[in-house]
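A.B. asks: Here you go, one structure.
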Amino acid sequence: MSTKKNGLLALLGLGALAWWKYKNSTPEEKQAVKDTINTAKDNFSKFGSDLKSKANDVASQVQDKVGQAKSSMEETANQN
């Protein structure tokens, strides 16, 4: 329990330090921070979109393979 408490206190301290540093920075530094955050957000959104499209591609490939296997099984059953 003590480790969690210390970790939370350290995280809170880092957050307070970051806020203080941002508050006391120049407008150019603030804009640089905003640009970095926006770039990271855009990259994260792009990664999510890529992941979603790949998942949809895999799902459609699986559906195609299942359909092929099903039709193959039906043809084999009809021949007998």
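A.B. asks: Okay, which of region 1-20 sit inside 19 Å, backbone N to the point 7 Å along the Cα-Cβ direction of residue 37?
C.D. replies: The answer is 11-20.
A.B. asks: Taking the alpha-carbon distance from residue 46 and a cut-off under 28 Å, which lysines remain once sequence neighbours fewer than 8 residues away in the same chain are dropped?
C.D. replies: Filter leaves 30, 34, 54.
A.B. asks: Give me a comma-separated list of calculated 3J(HN,Hα) values for region 24-33, in order, Karplus coefficients 6.51, -1.76, 1.60 applied at θ = phi - 60°, integers in Hz, x for any Gly or Pro.
C.D. replies: 9, 8, 6, x, 5, 5, 4, 5, 5, 5
A.B. asks: What distance in nm separates the two pseudo spin-label positions at residue 45 and residue 26, each 7 Å out from Cα along the beta-carbon direction?
C.D. replies: In this crude spin-label approximation the distance works out to 3.0 nm.
A.B. asks: Going by the alpha-carbon gyration tensor, a ≥ b ≥ c the square roots of its eigenvalues, is the chain rounded (a/c under 1.5) or, if a/c is not under 1.5, prolate (a/b greater than b/c) versus oblate?
C.D. replies: In terms of gyration-tensor shape, oblate.
Only the coordinates and a few stated rules stand behind these numbers; no lab work does. Not measured: the values here are computed from a predicted model. Neighbour counts are summed over all protein chains in view; Cβ atoms, including those assigned to glycine, are modelled from backbone coordinates with ideal geometry.
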